[in-house]
Amino acid sequence: MAMSELKWMSVQEREIFGAAAWSLALVTDDFAYGGKRYRVIELDGVLVAYAVYGYDGDAFSLMNIAVIESSRGQGHARVLMRDFLAEAHSEQARDAWLEVAVTNQPALALYRSFGFEDVRIRPRYYQPEDVDAMVMRVSVQPSFASAPAE
Ligand SMILES: CC(C)(COP(=O)(O)OP(=O)(O)OC[C@H]1O[C@@H](n2cnc3c(N)ncnc32)[C@H](O)[C@@H]1OP(=O)(O)O)[C@@H](O)C(=O)NCCC(=O)NCCS
């Protein structure tokens, strides 16, 4: 992602995540100083999806992934997940981590299809929605750079 695309990302954040959105100030600061990877998918000049990942302490973690509503169901999240796991592998991370709302069925299905397993619940992690988070983990293996197959 280019710095000039952060404004677009912050607009998508508000539309997709509402009160839990990352603000433009937050992403601008994190992009510059957070040491994360910001990825975006652009199709025919249109930005359709993004992901943010990197180290959270010593855990290589997916911090954010979203696809604009009109472009869902076309495999864009799968592309970003493969990129995340390939990067985890090249970082020689033993595991990859993420958190997801226990009510988010599309995301849970996506993560499980990449082999992520439930580790523990973080009660009432998402506020103001008051929804539990599931912490998920997968072992990082070389094959993740290309799997699962389309
Ligand atoms: C979750 C999300 C990123 C999936 O993006 P996507 O590009 O539509 O997903 P893909 O087309 O790459 O689908 C990959 C897999 O995800 C799962 N999946 C995606 N959408 C799904 C849905 N509506 N219902 C059930 N499973 C779904 C399936 O396992 C799918 O594989 P399949 O097509 O072989 O069945 C997207 O729905 C989104 O942006 N949601 C809002 C933001 C969000 O919740 N982010 C996650 C925060 S933890």
* Treating only the Cβ atoms of Lys and Arg (+1) and Asp and Glu (-1) as charged, compute the dipole magnitude of the stretch 29-79 about its Cα centre; round to the nearest 20 debye. => 180 debye
* **Segment Gln105-Ala25, length gained on full extension (0.36 nm per residue, minus Cα span)** => 25.8 nm
* Asked: At what distance in angstrom do the alpha carbon centres of the stretch 118-134 and the stretch 22-63 lie from each other?
  -> 22 Å
* Structure fact -> Of 77-90, 1-14, ordering from highest average Cβ density within 10 Å down gives 77-90, 1-14
* Where labels lie 7 Å past Cα in the beta-carbon direction, separation of Ser4 and Phe17 in nm -> 2.5 nm
* Mind pulling up the Rg/Rh value for the chain? Radius of gyration and Kirkwood radius, both on Cα. => 0.93
* Asked: Most mobile of Gly57, Gly75, Gly35 per a Gaussian network model of the chain (Cα springs, under 10 Å)?
  -> Gly57
* Hey, if you put +1 on the Cβ of every Lys and Arg and -1 on every Asp and Glu Cβ in the chain, which of Met9, Pro123, Ser70 ends up farthest toward the positive end of that dipole? -> Pro123
* Structure fact -> Relative contact order of the chain (C-alpha contacts under 8 Å, at least 6 apart) in percent is 17 percent
* To do: Treat every Asp and Glu Cβ in the stretch 3-145 as -1 and every Lys and Arg Cβ as +1, leave all other atoms uncharged, and give the resulting dipole magnitude about the Cα centre to the nearest 20 debye.
  => 240 debye
* Structure fact -> Within the under-13-Å Cβ sphere about Val131, not counting Val131, Lys/Arg +1 and Asp/Glu -1 give a net charge of -2
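All of the numbers you see were taken from the coordinates with simple rules; none came from a lab. Everything numeric in this text was worked out from a predicted model, so none of it was measured. Ideal geometry is used to build each Cβ from the backbone, glycine not excepted, and the neighbour counts take in all protein chains shown.
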